[in-house]
Amino acid sequence: MTLDGKTALVTGGAQGIGKGIALRLAKDGANIALVDMKADKLAAVKGEIEALGRKACVFSADVSKREEVYAAVDHAEAQLGGFDVMVNNAGIAQVKPLADVTQEDLDRIFRINVNGVLWGIQAAAAKFKARGQKGKIVSASSIAGHEGFAMLGVYSATKFAVRALTQAAAKEYASAGITVNAYCPGVVGTDMWVEIDERFAEITGAPKGATYKKYVEGIALGRAETPDDVAALVAFLASDDSGYITGQAILTDGGMVYR
Ligand code: NAD
């Protein structure tokens, strides 16, 4: 297995894409540190990972808080005996016309989607260096990190920012043997899209489900993305097979945004 004996931390691992990533990395041989704010759901995912024969631990943290992300990394190392892969997956969406965006809206989404990723990059790189080893950092961007989407303008700005941090971190940490990449999913049928669809319905008057359907109909491969589709890319970026790739934000969207 490509991740045999490695330790991987996944933020936002309680559900959706993060859960899919955690289970895939475990199937590939990694022990998993799960981090989220939803403690009850984390416990269930931990059980699924242990059923695969891997070790798992859980840590409740808000990724927007720097000290909590550092504590999560320390906890992972202490519980699982290593630290090799950091997946900065936690994030939130926000559907609003730009004209209505408030200071509070901006602060909240940037604190989680951008600051949270930077704290994850910092904490992981510091840990790899302290351990005198190489490491892999993989963060969640989006199709909205390559193209700004209407009603998702601020969300798009946060995902563009993840690409910028990924490129800069790749350059800063290359000499330490640390690679830094991002994954850019398209339309994945998680709770996040349930919320996006509902907000679109409120703002535009579209029937519930119509926005999701419209987006899925625009996918060349003809179906919505699954967490497993995303996890396959993340597993590659977490493995030695991607050892010569750094600073990239790779699209996995079934054919929506072409770069
Ligand atoms: P989701 O809402 O289903 O799950 C997100 C998880 O992150 C939840 O468990 C939530 O509790 C956790 N989380 C949120 N804020 C947190 C915080 N401050 N601290 C710790 N945990 C926090 O969303 P998802 O669809 O699984 O999305 C995962 C990532 O993928 C996000 O970064 C999202 O922007 C990105 N993404 C999603 C899609 C999609 O179509 N769903 C597309 C592109 C990118």
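The values are calculated or read from the model by the stated rules, or taken from the named source; none is laboratory data. Only a predicted model underlies this, so the values are computations on that prediction, with no experimental measurement involved. With ideal geometry, Cβ positions are generated from the backbone for all residues, glycine too; neighbour counts draw on all protein chains shown. In case anyone asks, the SASA skips ligands and DNA or RNA and just uses the protein heavy atoms, side chains included. Shrake-Rupley method; radii C 1.70, N 1.55, O 1.52, S 1.80 Å.
Scanning segment 6-21 for residues that are away from the ligand (no atom under 11 Å from the Cβ) and open to solvent by less than 10 Å² (accessible area, probe 1.4 Å) yields a count of 3. The residues of segment 25-49 that are modelled with pLDDT of 95 or more, of a type in the set (A, V, I, L, M) and open to solvent by 20 Å² or more (accessible area, probe 1.4 Å), listed by number, are Met37, Ala43, Ala44.
Here Ile196 meets the list (1) within 11 Å of the ligand (Cβ to nearest atom); (2) loosely packed, with under 14 Cβ neighbours inside 10 Å almost entirely, failing just condition (2). What is the residue count in segment 87-100 for residues that are surrounded by 15 or more Cβ atoms within 10 Å (Cβ to Cβ) and not in a strand (DSSP E or B)? Residues that pass the stated criteria total 7.
Does Gly135 satisfy the condition of being open to solvent by 20 Å² or more (accessible area, probe 1.4 Å) and either of a type outside the set (Val, Ile, Thr) or touching a residue at least 40 places away in the same chain (Cβ under 8 Å) (or both)? The answer is no for Gly135. Among the residues of segment 173-193 satisfying the criterion of being assigned to a helix (DSSP H, G or I) and in contact (Cβ under 8 Å) with a residue 12 or more places away in the chain, which is most open to solvent (accessible area, probe 1.4 Å)? If we take residues in segment 173-193 being assigned to a helix (DSSP H, G or I) and in contact (Cβ under 8 Å) with a residue 12 or more places away in the chain, then Asp191 is most open to solvent (accessible area, probe 1.4 Å).
Among the candidates Asp253, Asp241, which residue alone is at pLDDT 95 or above and touching a strand residue (DSSP E or B) at 6+ places or on another chain (Cβ under 8 Å)? Give the steps one after another, and end with the answer.
On the way: Asp241 fails: touching a strand residue (DSSP E or B) at 6+ places or on another chain (Cβ under 8 Å).
Residue meeting the stated conditions: Asp253.
Can you pull out the residues in segment 200-216 that are farther than 19 Å from Ile17 by Cβ and open to solvent by 40 Å² or more (accessible area, probe 1.4 Å)? Passing the criteria: Glu202, Ile203, Thr204, Gly205, Pro207, Lys208, Lys213, Lys214.
Screening Thr226, Thr179 for residues that are at pLDDT 95 or above, of a type in the set (Val, Ile, Thr) and more than 15 Å from the ligand (Cβ to nearest atom) leaves exactly one candidate, Thr179.
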